[in-house]
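Notes follow once the structure below has been shown.
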Amino acid sequence: MAVGAAHLLGYKLVNNFNMPYLATNVTDFWRRWHISLSSWLRDYIFIPLGGSRGSRWLNYRNLIITFIIGGLWHGAAWGYILWGLAHGLMLVCHKQFKDFCEPRPRLTALLESAPGTGARILFTFLCVSLCWVLFQPHLNQSMAVFGKLFHITKGAALPLNNRSLWYTVAFLFACQWLVRSGVWAKVYRRLPAPVLGTGYALCLCAALVLAPDNGTTFIYFQF
């Protein structure tokens, strides 16, 4: 939205997010998520600490320190520190798993197949989503959320309109497929302006209809 609003005013902002929830691993996630922050952490913390130079364990240490500082950048609270530590540990685990896969070409081929790629995307999304629970200043609230996530109460129901949720998910997947497959780039040039305008209006109406009654503020507005 910020990129689009700036474009309307004649400014072209650098792309700061590149479909991060389609990342196939946590390293790929940090190449896609908050790219300006990731670049700053790399250039001003990770590389001065030694980067990937030196032994493997020094590299791991530098990663963990960098992401703990990245967590502190968001605020001086245990939730942010643990969030950064979790991402640092996930990056270390990914590097070790990557080293494990290198001498095993069959395992690598399986992971790079279509089903394997889908499984990697889902696993990465799950890990990143669980880490987001920590991303707040009140650690007791995060622990309460984890308690609810992993404690199943019989007969309990979520205050969520499941039909709207699945309609939204299906719509977003359809949009992602149109863009990533290149179909939209071909169709877009051939559609007349009235048709495009009507389509955008329908998308806006669908977003308003499917949106929850009580909205929440974008998490980065608190910084």
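Please list, ordered by first then second residue, the pairs with beta carbon atoms under 8 Å, 6 or more apart or interchain, first in the stretch 178-197 and more than 22 Å from Met19 (Cβ to Cβ), second in a helix (DSSP H, G or I).
Short answer, once both residue conditions are applied: Leu191/Gly199; Leu196/Tyr188.
Can you find a residue that is open to solvent by less than 30 Å² (accessible area, probe 1.4 Å) and in contact (Cβ under 8 Å) with a residue 24 or more places away in the chain anywhere in the stretch 3-16?
Scanning the stretch 3-16 turns up no residue that is open to solvent by less than 30 Å² (accessible area, probe 1.4 Å) and in contact (Cβ under 8 Å) with a residue 24 or more places away in the chain.
With the checklist (1) in contact with a helix residue (DSSP H, G or I) (Cβ under 9 Å, 6 or more places away or on another chain); (2) over 21 Å from Arg31 (Cα atoms) in hand, flag the one item Pro103 doesn't pass.
(1)
Looking only at the stretch 184-223, which residues are exposed (fewer than 10 other Cβ atoms within 10 Å of the Cβ), modelled with pLDDT of 80 or more and assigned to a loop (DSSP other than H, G, I, E, B)?
Selection gives Pro192 alone.
Considering every residue within the stretch 170-183, establish whether at least one is surrounded by fewer than 12 Cβ atoms within 10 Å (Cβ to Cβ) and either over 22 Å from the mean Cα position of the chain (by Cα) or at pLDDT 90 or above (or both).
There is at least one residue in the stretch 170-183 that is surrounded by fewer than 12 Cβ atoms within 10 Å (Cβ to Cβ) and either over 22 Å from the mean Cα position of the chain (by Cα) or at pLDDT 90 or above (or both).
What tally of residues in the stretch 17-31 results from selecting those that are open to solvent by less than 40 Å² (accessible area, probe 1.4 Å) and of a type outside the set (Ser, Thr, Tyr)?
Of the residues in the stretch 17-31, 7 are open to solvent by less than 40 Å² (accessible area, probe 1.4 Å) and of a type outside the set (Ser, Thr, Tyr).
The values are calculated or read from the model by the stated rules, or taken from the named source; none is laboratory data. Predicted model, so just to flag it, every value in this text is computed and none were measured. Don't worry about glycine lacking a Cβ; one is built from the backbone with ideal geometry, like all the others, and counts go over all protein chains shown. Just so you know, the surface numbers come from the protein's heavy atoms only, side chains and all, with ligands and any DNA or RNA stripped out. Shrake-Rupley method; radii C 1.70, N 1.55, O 1.52, S 1.80 Å.
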